Amino acid sequence: MRTIKQAFITLVGFIFLVASAAVCAQETPSAAPAGVKLIEAKAVQDLQAKGAVLIDTRRANEFAEATIKGAISVPYDPEKSAKDVSFDAAQDKYDMSKIADKSKDYVVFCNSGTCWKSYKAAVVMAKAGYKNVHWYRNGVPDWKARKLPME
């Protein structure tokens, strides 16, 4: 009887672990949110060459380890809101004081399609009246894979 109970507990734990992993790895939408343009690495380079501000929305320690050359750190803290398109931005923290000019071109990025920080930052910026928000969904992993400049 004890062996059956242990097996049941192990099974329930495994199911919980698998379900948790599925939630944690939930992909961001493949389309850009309203008021935002979805872009790829080449467009990021072109925009940066024209003066766009690249925004790394990852945590400060991730930014410090390595980021796209020329990017600034403006971390998005999505620890409380859902990883979902209908997230509640009021539960999160995103200090846009470093990016006050709403008419500039901005490119937000993080750690690929399973990272919601840049998606959420893009939504918040668009809703706040930023006119030229670009979302680099593939982010740092894609940039590194292409051997593009990092710092």
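The values are calculated or read from the model by the stated rules, or taken from the named source; none is laboratory data. Computed from a predicted model, the values in this text were never measured in an experiment. Glycine gets a Cβ as well: all are built from the backbone with ideal geometry, and neighbour counts include every protein chain shown.
Suppose we filter LYS80, LYS50, LYS102, LYS147 for residues that are surrounded by fewer than 13 Cβ atoms within 10 Å (Cβ to Cβ), on the phi < 0 side of the Ramachandran plot and either touching a Ser or Thr at 6+ places or on another chain (Cβ under 8 Å) or modelled with pLDDT of 95 or more (or both); which single one remains?
Answer to the check: LYS50.
Can you tell me which residues in region 63-104 are of a type in the set (A, V, I, L, M, F, W, C), part of a loop (DSSP other than H, G, I, E, B) and within 13 Å of ALA128 (Cα to Cα)?
Residue satisfying the conditions is ALA100 alone.
So which pairs qualify, if the first residue must be in region 130-147 and of a type outside the set (Phe, Trp, Tyr), the second must be in a helix (DSSP H, G or I) and surrounded by 23 or more Cβ atoms within 10 Å (Cβ to Cβ), the Cβ gap must be under 7 Å, and the two must be at least 6 apart or on different chains?
Once the first residue is of a type outside the set (Phe, Trp, Tyr) and sits in region 130-147, its partners that are in a helix (DSSP H, G or I) and surrounded by 23 or more Cβ atoms within 10 Å (Cβ to Cβ) give VAL133/ALA122; VAL133/MET125; GLY139/SER118.
Just one of PHE109, PHE63, PHE87 is in contact with a Pro (Cβ under 8 Å, 6 or more places away or on another chain), closer than 15 Å to LYS144 by Cα and of a type in the set (A, V, I, L, M, F, W, C); which is it?
PHE63
Identify, by number, the condition in (1) closer than 14 Å to ARG137 by Cβ; (2) of a type outside the set (A, V, I, L, M, F, W, C); (3) modelled with pLDDT of 95 or more that ASP95 doesn't meet.
(1)
Can PHE87 be described as free of Cβ contacts under 8 Å to residues at least 40 places away in the same chain, under 22 Å from GLN26 (Cβ atoms) and surrounded by 14 or more Cβ atoms within 10 Å (Cβ to Cβ)? Let's see the steps before the verdict.
On the way: free of Cβ contacts under 8 Å to residues at least 40 places away in the same chain: yes; under 22 Å from GLN26 (Cβ atoms): yes; surrounded by 14 or more Cβ atoms within 10 Å (Cβ to Cβ): yes.
Taking the combined requirement at face value, the residue satisfies it.
Considering every residue within region 40-52, establish whether at least one is in a strand (DSSP E or B) and either under 24 Å from ALA128 (Cα atoms) or touching a Gly at 6+ places or on another chain (Cβ under 9 Å) (or both). Step through it out loud before you land on a result.
So in region 40-52, the residues in a strand (DSSP E or B) come out as none.
No: zero hits.
Looking at region 119-137, is at least one residue of a type in the set (S, T, N, Q) and part of a helix (DSSP H, G or I)?
No, because not a single residue in region 119-137 is of a type in the set (S, T, N, Q) and part of a helix (DSSP H, G or I).
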